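Throughout, read-outs are computed from the coordinates displayed, never taken from laboratory work. Source: prediction; values computed, not measured. Cβ: placed from backbone, ideal geometry, glycine included. Neighbour counts: every protein chain shown.
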Amino acid sequence: MTNEKIITHVELTVNPELIDAVLSNAIQTKDLILLEQGTEIFKLTRKKEDPNTLVIFAVYTSKELYEWHLEQEYVKSFFIFLDGKLKALPKATYLAEI
């Protein structure tokens, strides 16, 4: 078992006509994620030059807690909710702390 942090950067490019619904759902999901044990940082932002692109930066304290996070019903529901609402597949990057 490793305690290496999991750091993610995710971009979601949303169809413009659906941004309000996606943003509302994303905020509700974010509020639940922030309550999780192991969530060190969870920032939901949007690009200034493209407000239909949401950017999520998150830090989880361990791989085990990150995997637990992915199994939560509200996280799964959010990904199901996104189906058909994005212009492209989410772009996820895993980062390493220096």
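Odds and ends about this structure:
- Taken along the Cα-to-beta-carbon direction at a fixed 7 Å, the label points for Arg46 and Glu4 span 3.5 nm.
- Relative intensity of the stretch 39-91 on a log10 scale, I(q)/I(0) at q = 0.12, 0.20 Å⁻¹, equals -0.34, -0.89, per a Debye sum over C-alpha point scatterers of equal strength in the absence of solvent.
- Derived scalar couplings between HN and Hα for the stretch 62-77 equal 7, 4, 4, 6, 5, 5, 4, 3, 5, 8, 6, 4, 5, 6, 4, 4 Hz in order, rounded to whole Hz, by the Karplus curve 6.51 cos²θ - 1.76 cosθ + 1.60 (θ = phi - 60°), x for Gly and Pro.
- Using the alpha-carbon positions of the chain, Rg (one decimal) and Dmax (whole number) come out as 13.5, 44 Å.
- Paramagnetic reach from Leu18 in the stretch 43-67 [backbone N under 15 Å; point 7 Å along Cα→Cβ]: 52-54
- 10 Å Cβ shell holding at most 14 others, DSSP loop, GluC sites (Glu not before Pro): longest site-free stretch of the chain: 5-48
- The label-point distance for Leu35 and Lys76, in a model that sets each label 7 Å from Cα toward Cβ, rounds to 1.9 nm.
- More than 13 angstrom apart: percent of Cα pairs within the stretch 1-42: 66
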